[in-house]
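Asker: Sharing a structure, written as structure tokens. Questions coming.
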């Protein structure tokens with residue numbers, strides 16, 4: 001049985017999501033809009049359960065101590081029994097913006113966040 005992966009890109013307003021259910025095919029999913037961290041963690045838990053995810057890859061900032069603390073805290077709120085791995089997320093949002101340049105309404109709909117999550121998951125899969 002192959003492992004089912006998901007990745008999250010945790011932001012203050014949105015959480016980008018992507019999945020990999022078959023080897024090498026990573027698909028961005030609609031982002032979660034964050035009202036508060038409890039609602040956001042419940043929504044992430046529901047997403048992981050719905051897709052029967054085994055392994056969660058979490059985008060982890062190398063540079064911001066504040067965001068590292070926020071990401072670490074968010075992980076503790078999840079009710080997830082599978083494996084959790086941290087993956088460097090530096091520049092993933094900038095790469096995502098480059099990929100959908102020219103798409104005017106992308107800023108607030110979460111597409112960039114989910115494409116960033118896709119990039120994070122692809123990085124993890126290439127290196128592991």
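Asker: Does residue 10 satisfy the criteria of being modelled with pLDDT of 95 or more, under 14 Å from the mean Cα position of the chain (by Cα) and surrounded by 15 or more Cβ atoms within 10 Å (Cβ to Cβ)?
Answerer: Against the criterion (modelled with pLDDT of 95 or more, under 14 Å from the mean Cα position of the chain (by Cα) and surrounded by 15 or more Cβ atoms within 10 Å (Cβ to Cβ)), residue 10 does not qualify.
Asker: For the range 54-89, what are the residues that are under 22 Å from residue 22 (Cβ atoms) and either crowded, with 17+ Cβ neighbours inside 10 Å or in contact with a helix residue (DSSP H, G or I) (Cβ under 6 Å, 6 or more places away or on another chain) (or both)?
Answerer: 55, 56, 57, 58, 59, 80, 87
Asker: Has the range 117-126 got at least one residue that is under 14 Å from the mean Cα position of the chain (by Cα), at pLDDT below 85 and in a helix (DSSP H, G or I)?
Answerer: No - not one qualifying residue is present in the range 117-126.
Asker: Next up: Conditions first: (1) in contact (Cβ under 8 Å) with a residue 60 or more places away in the chain; (2) farther than 15 Å from residue 116 by Cβ. Residue 32 passes all but one, so which condition is the exception?
Answerer: The one condition residue 32 does not meet is (2).
Asker: Does residue 5 qualify as being touching a helix residue (DSSP H, G or I) at 6+ places or on another chain (Cβ under 8 Å), free of Cβ contacts under 8 Å to residues at least 40 places away in the same chain, closer than 25 Å to residue 126 by Cα and surrounded by 15 or more Cβ atoms within 10 Å (Cβ to Cβ)?
Answerer: no
Asker: Can you tell me which residues in the range 13-29 are under 21 Å from residue 79 (Cβ atoms) and touching a helix residue (DSSP H, G or I) at 6+ places or on another chain (Cβ under 7 Å)?
Answerer: Within the range 13-29, 14, 15, 16, 17, 18, 29 meet the criteria.
Asker: Do you know which residues across the range 68-107 are at pLDDT below 85 and within 16 Å of the chain's Cα centre (by Cα)?
Answerer: Correct list: 89, 90, 91, 92, 93, 94, 95, 96, 97.
Asker: Would you say residue 92 is surrounded by fewer than 15 Cβ atoms within 10 Å (Cβ to Cβ) and on the phi < 0 side of the Ramachandran plot?
Answerer: For residue 92, the condition - surrounded by fewer than 15 Cβ atoms within 10 Å (Cβ to Cβ) and on the phi < 0 side of the Ramachandran plot - is not met.
Asker: Can you tell me which residue within the range 43-53, out of those that are closer than 19 Å to residue 76 by Cα and loosely packed, with under 15 Cβ neighbours inside 10 Å, is nearest to the chain's Cα centre (by Cα)?
Answerer: Of everything passing the filter in the range 43-53, 45 is nearest to the chain's Cα centre (by Cα).
The values are calculated or read from the model by the stated rules, or taken from the named source; none is laboratory data. Computed from a prediction, not measured in an experiment: that's the story for all the values here. Methodologically, a virtual Cβ is constructed for each residue, glycine included, from the backbone with ideal geometry; neighbour enumeration extends over all protein chains shown.
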